[in-house]
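One structure is given below, encoded as C-alpha cells.
Any read-out appearing in this document is the output of simple, stated calculations on the displayed coordinates, not a laboratory observation. Since we're looking at a predicted model, the values are computed, not measured. Because the Cβ atoms are built from the backbone with ideal geometry, glycine has one as well, and the counts that use them run over all protein chains shown.
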Amino acid sequence: MTLATTDLQINLIVFLLATFLGLELVRHVSRLLHTPLMALTNAISSVSIVAALIVLADPKDDLVLILATVAVALVFTNIVSGFGLTERILRLFKQRKGNK
Amino acid sequence: MNDTIVEYLYVVAILFFVLSLKWLSEVKTSRYGNWIAASGMAVAIGGTLLAYQVQRVDLLIVAIVVGVIIGAPIALKVPMTAVPQRTAASHAFGSLAVALVGTAEYYQRLPNIDVFTLTVLCAEMILGYLTFMGSCIAFAKLQGLIPGKPFVYGGRNSVSLATLAVAVALAIYLIANPTHSYVLPFMAGFAVLFGFLLVMAIGGADMPTVIAILNSYAGMSAAALGFVLNNQVLIVAGALDGSSGFILAVIMSNAMNRSFTNVLFGGVGAVKVAASAGPEVAGGRTAQAFTVDDVATILDHARSVVFVPGYGMAVAQAQHVVKEVADILQADGIDVKYGIHPVAGRMPGHMNVLLAEAQVPYDQLWEMDRINPLFPETDVAIVVGANDVTNPAARTRPDSPLFGMPIMNVDKAKTVVFIKRSMSPGFAGVENELFYLPNTMMVFGDAKKVLADLVAALKKQH
C-alpha cells in the first residue's frame, strides 16, 4: 500500500485540527486535574494498540509477530493502569460537605 | 463491509476521546470523561478486531493477560506519592510499544517501502526510542534508583546533539537505502542513547517539565504511526496527547520562568546548577528557630492560615497530618486555605492529588495567581516542604538565578512558619531570604513529626 497524496492531505488536516482542538481543550482543564489529565491522555494514546493489532493480523515473519505481540502487552498495561489510576485519582476529589 | 463499519467505529472513538477531554475540564464531570475515554478505547479495539482477523489469537491472549497482570496492580496499588514515577513508566511503555510497532511495520513492508512512509517511520522510531529511554531515566530518578541530581559535564549539549545527529544521519541513510535493514538497530541505539543523555542531565525539581515533554513526545510518535498506517483515530489520539503534554510543559516552564526554547532543547537544570557555586545571601545573618509550642501560640491568635506545600511534603508523607492540623484550626473558626505553586512536586498537579487523597476539599486548594493577592491579609502562612518557590529573591534580587520566577508571596503574610529539616538551600542551591525575615519562624525537623507535635500542642491548648 502506498499513500495517495489526498490521504496525506486529509491526514495532515486531521492532525492539525486535532492539535488545535487538543490545545484548546487542555487549556481549559482545571489545574487541580493536571495529574489525572496526564494519566488519561496517556491512556488515550494507548489506542496505538490498534496499530499493533493491524500488524498482528497478517505478520510477514516471526520477527514482526514478536514485535507486535510485545507491543500489545506493553500498550495493554497502559490501558488497564491508565484508566484504572485515573478513576482512582478522580474519586479523591471531593467538595466540602454542605459547601455552597 | 467490515472495513466500512470499522471506519465509523473509529469516528465514534474519536468523538469519545474529544468529549472525554472536554469533561475532564471540571471536577464534577471528570469521571464521565474517564469512562467515555475507556469506552472509546473499547470501541476502537473492538472495531479493529472485527475488521482485521488476528491469526495468532493465542499470542494475543497471552499479551493481553500479561498487560492485565502488570497493569492492574499499578492501577489499584500505586500510592499517590508515586504517581509521578508511574507516569514516567507509562510513557516508557507507551513509547516503546509505538517504536516496536514502527519497527515491525518497517520489516513488514520491506522491500516495497516508499520514501514518504519510511521517512515518517524513521522519525517515529527515533522519537519513540528516545522517549522510551528518557522516560526510563525519569522513572529511575523519581523512584530514587539513581541520584536525582543532574549529570553534567563540559560540552554535554554538544555530545547529546551529536548523538541525535548520528541517529538522524543513519535514518537518512536508511531512507536512501531502504533494504539496508542492518542500519536500523544502530539508529534505534543512538536514539536510545540520546534519550539517556537528555534526561540524565536534568535534576529532580525539573521533573514536572520533563514528564510533560516526554508526554508530548509519546503522543507525537503515536500520531506519526497514524500517518504511516493511514489511521485517523491514531492521528487524533496522538495529537490530543501531544498537545496536552505540550501545554503542560509550557505551563510548567512559565512557572519556572524558563524560556520555551530552553524547554524544547531540554537544557533544563543547567542554569540552576551553574548557580549553585555559592550562596547569595549569607552575610552572617541568623535565622530564628522556634518550637512547636511557639507556633501553636501564634495559631491561637490567627484568623486565617494558608498552607504552602511542596515536594518535601510528599517525601515526608505529611499530607494527612497537614489535614489534621487544618481540621483543628477550622474547628476553631480559622479560615484555612492551601496555596499551590504550579511546579510544586514532581509532576503537574501533584500536590492537588496528594491533598485530595488526605480528603482536603478541592475548593480549599488555591492556585498561585489566586492566593497571592490574599497573603497580606493572611495571619499565618505555613510552608511545608517547599523552598525555592517561596524565595522573595525571585522578586527583589535581579542577580539571583531565581529572579523573575513567579513565587508564592508568603513573605507578605503577617507570620511565616517554615518547616524544614535544616538550613540547607533548595534545589536551586540558592539560600532562601525568607529565612532571615523578622516575621519568619523557622521550625526545624521532619515535616511529618513537626506537624504531629503541632497537633498535640494545639489539642493541649484547649
Each label point is 7 Å from the Cα along the Cα-to-Cβ direction; what then is the distance between the points at B:Y32 and B:Y182, in nm? 6.0
Longer than 21 Å from Cα to Cα, which of B:K141/B:K449; B:K323/B:K420; A:K94/B:K448 are they? Say none if no pair is. B:K141/B:K449; A:K94/B:K448
A:D61-B:T286 pseudo-label distance in nm [points 7 Å out on the Cα-to-Cβ vector]: 7.7
Positive dipole terminus of chain B, leading residue within B:I202, B:I172, B:T440 (C-beta point charges): B:I202
In deg cm²/dmol and to the nearest 500, what is the mean residue ellipticity at 222 nm of chain B if only DSSP H runs of at least 4 residues count, each as -39500 (n - 2.57), divided by the residue total? -20000 deg cm²/dmol
Farthest toward the dipole's positive end in segment B:81-274, which of B:A239, B:L110, B:F132, given Cβ charges of +1 (Lys, Arg) and -1 (Asp, Glu) about the Cα centre? B:F132
Using a cut-off of 12 Å between alpha-carbon atoms, which aspartates and glutamates can reach B:K412, once sequence neighbours fewer than 8 places away in the same chain are excluded? B:E377, B:D379
For segment B:46-173, shape from the Cα gyration tensor axes a ≥ b ≥ c, cut at a/c of 1.5 then a/b versus b/c, turns out oblate
In debye, nearest 20: dipole of the protein assembly as shown around its Cα centre with unit charges on the Cβ of K, R (+) and D, E (-)? 960
Report the full-extension gain for the segment B:D335 to B:N439: residue separation times 0.36 nm, less the Cα-Cα distance, to one decimal in nm. 35.4 nm
For the Cα atoms of chain A, what angle does the longest principal axis make with the long axis of helix A:5-27, in degrees from 0 to 90, nearest 10? 20
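B:V62 to B:L110: FRET efficiency via 1/(1 + (r/R0)^6), r the Cβ-Cβ distance, R0 25 Å, to the nearest 0.05? Don't skip to the answer; put the middle values down first.
On the way: r = 26 Å, r/R0 = 1.05.
Approximately 0.45, to the nearest 0.05.
Which length gain, in nm to one decimal place, applies between B:L15 and B:D294 when the Cα-Cα distance is subtracted from 0.36 nm times their residue separation?
Numbers: separation 279, 0.36 × 279 = 100.44 nm, distance 5.74 nm.
Stretched out fully, the B:L15 to B:D294 stretch lengthens by 94.7 nm.
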Placing +1 on each Lys and Arg Cβ and -1 on each Asp and Glu Cβ in segment A:31-92, then taking the dipole about the Cα centre, the residue among A:G84, A:A71, A:A51 whose Cα reaches farthest towards the positive end is A:G84
Counting Lys and Arg as +1 and Asp and Glu as -1, what is the net charge of the other residues whose Cβ lies under 14 Å from the Cβ of B:T87? +3
Rounded to the nearest 20 debye, what is the charge dipole size of segment A:1-96 about its Cα centre when +1 sits on each Lys and Arg Cβ and -1 on each Asp and Glu Cβ? 820
On a 0 to 90 degree scale, rounded to 10, what angle separates helix B:207-229 from the longest Cα axis of chain B? 20
Specify the angular offset, from 0 to 90 degrees and rounded to the nearest 10, of the alpha carbon long axis of helix B:2-23 from the longest principal axis of the alpha carbons in chain B. 10
Quick one: dipole size for segment B:81-274, taken about the Cα centre, charges +1 on Lys/Arg Cβ and -1 on Asp/Glu Cβ, in debye to the nearest 20. 540
Label-point separation, A:L16 to B:K414 (7 Å along Cα→Cβ), nm: 5.8
